[in-house]
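The structure appears below as structure tokens.
The values are calculated or read from the model by the stated rules, or taken from the named source; none is laboratory data. Since we're looking at a predicted model, the values are computed, not measured. Because the Cβ atoms are built from the backbone with ideal geometry, glycine has one as well, and the counts that use them run over all protein chains shown.
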Amino acid sequence: MKNLKNSSKFKDIKDLNNMSIGYLKKDSDMTTVYIGNLVYSKNEKSILNLFKSYGYVNFVRINRDKKTKKSKGIAFVQMKNRNEALKAIKALNGKQLDGRTLKVSIALENNKPKKNKRSRR
């Protein structure tokens, strides 16, 4: 495996800690971006408009409560180009939107197996 610490692509070890395994894959240039601390009234179209100025957006998904269908205040945006996604993250992380400070980063992959919810008797 290539030693990523010595790679000129990463300026700081902190950069490595903030990247997901999906970010480091070379087979796909698509990158998923996490957006947190959103106002609950935001919809997919408004988030699309926010990100499309940085590049091509494949999809936008807002996490919603299963029962009430209300927003949980977080969303995911998949962008076609990794460099455009990184530009969007740099520009939008910490930005004020509707009175809230956005938290924008590379989305981490959740590869943990789901726990069985059945009780063991």
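The residues listed here are Asn37, Asn49, Asn6, Asn63; of these, the one that is at pLDDT below 95 and not small (Gly, Ala, Ser) is Asn6.
Among the residues making up the stretch 80-103, those that are over 15 Å from Ile47 (Cα atoms), assigned to a loop (DSSP other than H, G, I, E, B) and of a type outside the set (S, T, N, Q) are Lys80, Gly94, Gly99. Taking the stretch 83-95 as the range and being surrounded by 15 or more Cβ atoms within 10 Å (Cβ to Cβ) and touching a strand residue (DSSP E or B) at 6+ places or on another chain (Cβ under 7 Å) as the test, the residues that pass are Ala85, Ala88, Ile89, Leu92, Asn93.
Return the residue satisfying two criteria in turn: it lies in the stretch 9-34 and is modelled with pLDDT of 50 or more and not acidic (Asp, Glu), and of such residues it is farthest from the chain's Cα centre (by Cα). Give the steps one after another, and end with the answer.
So the first thing to find is which residues in the stretch 9-34 are modelled with pLDDT of 50 or more, and the list is 28-34.
Keeping just the survivors that are not acidic (Asp, Glu) gives 28, 30-34.
Details: Ser28: 16, Met30: 11, Thr31: 8, Thr32: 5, Val33: 2, Tyr34: 2 Å.
Result: Ser28.
When Lys45, Lys80 are screened for being of a type outside the set (Val, Ile, Thr), surrounded by fewer than 17 Cβ atoms within 10 Å (Cβ to Cβ) and without any contact (Cβ under 8 Å) to a residue 40 or more places away in the chain, only Lys45 passes.
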